[in-house]
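Structure record follows, encoded as structure tokens.
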Amino acid sequence: MTQRLLVIEDEPTLSRLLSYNLTSEGYEVVVAEHGQTGFDTAMQQDFDLILLDLMLPGMNGFEIMSKLRGEGIKTPIIILTAKNAEQEVVEGLKSGADDYITKPFGVAELLARVAAVLRRSNGQEEREPAAAASDEAQISLGALTVYPEKYEVTLNGEQITLRPKEFEVLLYLARKPGVVMTRDDLMNAVWGFDYIGGQRTVDVHVSSLRKKLELDPGSVHIDSIRGVGYKLVVNKKKSVHH
Ligand code: CA
């Protein structure tokens with residue numbers, strides 16, 4: 001089924017560029033070049049995604065978002081923001097945007113972000129019940145216990161505080177202890193196929209995870225396999241004598 005996108009952008013060059021590239025990619029695109037028209041269109045028709053400029057005549061992007069959210073319209077929104085406008089991004093995400101694209105942007109980035117937001121919003125309804133039905137209460141590996149549903153980890157019974165992505169990396173490794181996972185495996189599993197960022201992200205998370213787990217190096221640690229990836233190593237029998 002063709003996915004319908006609404007582009008609300010008053011700069012004709014940009015709206016044409018967006019429309020052209022998104023149509024070529026197979027999306028059906030409706031363009032509104034005025035804030036009020038954009039809001040009305042979003043209210044009257046169904047869309048899978050809205051690309052929203054912030055500075056618009058008639059009604060600005062923030063108003064459009066808060067009015068749409070106020071009306072219960074949950075269509076995912078990607079805001080188009082100016083470069084170096086961190087405050088705009090923060091405000092936009094707070095007002096209900098799902099993601100943002102900084103102008104000027106490349107076509108590849110645009111298409112990747114659109115696809116990612118669509119995938120997330122389509123996947124949500126299917127994924128939630130599946131996760132709830134899962135009875136994988138805990139994974140015990142020697143001194144390490146991972147609680148997938150609670151996002152908790154204990155080492156020798158003591159809870160370790162991990163950031164969400166660190167936790168997800170650990171969980172992924174813990175599901176197949178002793179098996180080498182490539183950086184690509186980890187990227188795709190934790191950040192998603194369309195994550196725009198380097199594999200360095202994986203290394204940074206593994207390195208901080210390692211610091212937190214090296215509370216007890218004799219029990220659990222993460223090995224680097226040079227040029228390949230990582231594996232979780234569990235020493236079931238802890239040696240007491242040295
Ligand atoms: Ca504008």
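The values are calculated or read from the model by the stated rules, or taken from the named source; none is laboratory data. Since this is a predicted model, take the numbers as computed values, not measurements. Virtual Cβ from ideal backbone geometry, glycine too; neighbours counted across all protein chains shown. For accessibility, only protein heavy atoms count, side chains too; no ligands or nucleic acids. Shrake-Rupley method; radii C 1.70, N 1.55, O 1.52, S 1.80 Å.
A compact table of results
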read-out: For the chain: accessible area per residue (Å², 1.4 Å); value: 56
read-out: Nitroxide proxy distance, nm - points 7 Å out along Cα→Cβ at residue 25 and residue 180; value: 3.5
read-out: Carbon and sulfur %, accessible surface of the chain computed with the full protein complex present, 1.4 Å; value: 50
read-out: For the chain, alpha-carbon Rg over 2.2 N^0.38 Å; value: 1.27
read-out: Net lengthening on full extension, residue 211/residue 109 (0.36 nm per residue, minus Cα-Cα); value: 33.4 nm
